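Chemist: First the structure, which I've put down as structure tokens, then a few questions once you've had a look.
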Amino acid sequence: MRRATSYLAAGTSDETVVGSVTLAHDARHLRRKLLHLEDGDMVMLDLKEPVLFADGDLLLLDDGNAVEIRAAEERLFAVTPRDARHLVELAWHLGNRHLAAQFEADRILILRDHVIRDMLVGLGATVTEVIEPFQPLRGAYHGHGGHGHGGHAHGGHDDHA
């Protein structure tokens, strides 16, 4: 079985990719795990510290090749504000509830929660169901952003694996 003990951020390398693993957002926070690749192969991930992986990150294998991490499509709500100021207001309400959220210039993506949807609609947002990859921001209490790469074997400083 192949092992991966280091990694690189998406787009920082031209390593030969020999496989991929697709994981939901909450399954991409890893330190040590047996990963089942799309082609049925397995790789043992064994890092010194937990890492929050993003779509396109590479696990560097002991044979010199790489495996790509892919973000799974998830059932989400796309929250569309009236304008930029409204976007900030909606972000504040979501942050106040400590919800995982992916912020974009013109919308916010969150996991589907009908109570939260009703709150957002009540605040004037347009909320639509989408199925897309999800890359939420890490909160201030999760170390240094959870995804600070720059080279081999960098890890997040989260206190859980």
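Chemist: Here is a check on your reading of the model: is LEU47 out of contact with any Gly (no Cβ under 9 Å at 6 or more places or on another chain), touching a residue at least 40 places away in the same chain (Cβ under 8 Å) and over 16 Å from THR12 (Cβ atoms)? Can you show your working first?
Modeler: On the way: out of contact with any Gly (no Cβ under 9 Å at 6 or more places or on another chain): no; touching a residue at least 40 places away in the same chain (Cβ under 8 Å): yes; over 16 Å from THR12 (Cβ atoms): yes.
Considered against the rule, which asks whether it is out of contact with any Gly (no Cβ under 9 Å at 6 or more places or on another chain), touching a residue at least 40 places away in the same chain (Cβ under 8 Å) and over 16 Å from THR12 (Cβ atoms), LEU47 comes out as no.
Chemist: Let me ask another. Taking the stretch 100-122, which residues are in a loop (DSSP other than H, G, I, E, B) and either surrounded by fewer than 15 Cβ atoms within 10 Å (Cβ to Cβ) or basic (Lys, Arg) (or both)?
Modeler: Step one: list which residues in the stretch 100-122 are in a loop (DSSP other than H, G, I, E, B), which gives 100, 104-107, 112-113.
Listed by number, the residues that qualify are GLU104, ALA105, ASP106, ARG107, ARG112, ASP113.
Chemist: Another question, if that's okay. State whether one or more residues within the stretch 9-20 are closer than 28 Å to ILE110 by Cβ and not in a loop (DSSP other than H, G, I, E, B).
Modeler: Taking the stretch 9-20 and keeping what is closer than 28 Å to ILE110 by Cβ, we get 9-11, 20.
Then keep just the ones that are not in a loop (DSSP other than H, G, I, E, B); that gives 20.
Yes; the residues of the stretch 9-20 include at least one that is closer than 28 Å to ILE110 by Cβ and not in a loop (DSSP other than H, G, I, E, B).
Chemist: Please verify whether the stretch 69-81 includes one or more residues that are part of a strand (DSSP E or B), surrounded by fewer than 15 Cβ atoms within 10 Å (Cβ to Cβ) and in contact with a Ser or Thr (Cβ under 7 Å, 6 or more places away or on another chain).
Modeler: Initial filter on the stretch 69-81 (part of a strand (DSSP E or B)): 69-71, 73-80.
Subset that is surrounded by fewer than 15 Cβ atoms within 10 Å (Cβ to Cβ): 73, 75.
Still in the list and also in contact with a Ser or Thr (Cβ under 7 Å, 6 or more places away or on another chain): none.
No, there is no match, as no residue in the stretch 69-81 is part of a strand (DSSP E or B), surrounded by fewer than 15 Cβ atoms within 10 Å (Cβ to Cβ) and in contact with a Ser or Thr (Cβ under 7 Å, 6 or more places away or on another chain).
Chemist: Here is a follow-up. Determine which member of the set HIS98, HIS29, HIS86 is touching a residue at least 12 places away in the same chain (Cβ under 8 Å) and farther than 22 Å from PRO133 by Cβ.
Modeler: Details: HIS98 fails: farther than 22 Å from PRO133 by Cβ; HIS29 fails: farther than 22 Å from PRO133 by Cβ.
Answer to the check: HIS86.
Chemist: Among the listed residues LEU58, LEU47, LEU23, LEU52, which satisfies the condition of being buried (at least 19 other Cβ atoms within 10 Å of the Cβ), within 17 Å of PRO133 (Cβ to Cβ), modelled with pLDDT of 95 or more and within 20 Å of the chain's Cα centre (by Cα)? Spell out the reasoning first.
Modeler: On the way: LEU47 fails: within 17 Å of PRO133 (Cβ to Cβ); LEU23 fails: buried (at least 19 other Cβ atoms within 10 Å of the Cβ); LEU52 fails: modelled with pLDDT of 95 or more.
After applying the criteria, what remains is LEU58.
Chemist: Could you list, in sequence order, the residues of the stretch 52-87 that are within 13 Å of ALA4 (Cα to Cα) and among the β-branched types (Val, Ile, Thr)? Even if it seems obvious, please write down each step before you answer.
Modeler: Quick first cut of the stretch 52-87, residues within 13 Å of ALA4 (Cα to Cα) only: 57-69.
Passing the criteria: VAL67, ILE69.
Chemist: Please determine whether any residue of the stretch 68-79 is among the β-branched types (Val, Ile, Thr), more than 25 Å from ARG28 (Cα to Cα) and not assigned by TED's automatic domain parsing to the domain that holds VAL17. So that I can check it myself, show each step before the final result.
Modeler: Kept after step one, since they are among the β-branched types (Val, Ile, Thr), are these residues of the stretch 68-79: 69, 79.
From the residues that got through so far, the ones that are more than 25 Å from ARG28 (Cα to Cα) too are none.
No, the conditions are met nowhere in the stretch 68-79.
The values are calculated or read from the model by the stated rules, or taken from the named source; none is laboratory data. Note that the structure is predicted; figures quoted are calculated from it, not measured. Here the Cβ is made from the backbone with ideal geometry for all residues, glycine too, and neighbour counts use every protein chain on show.
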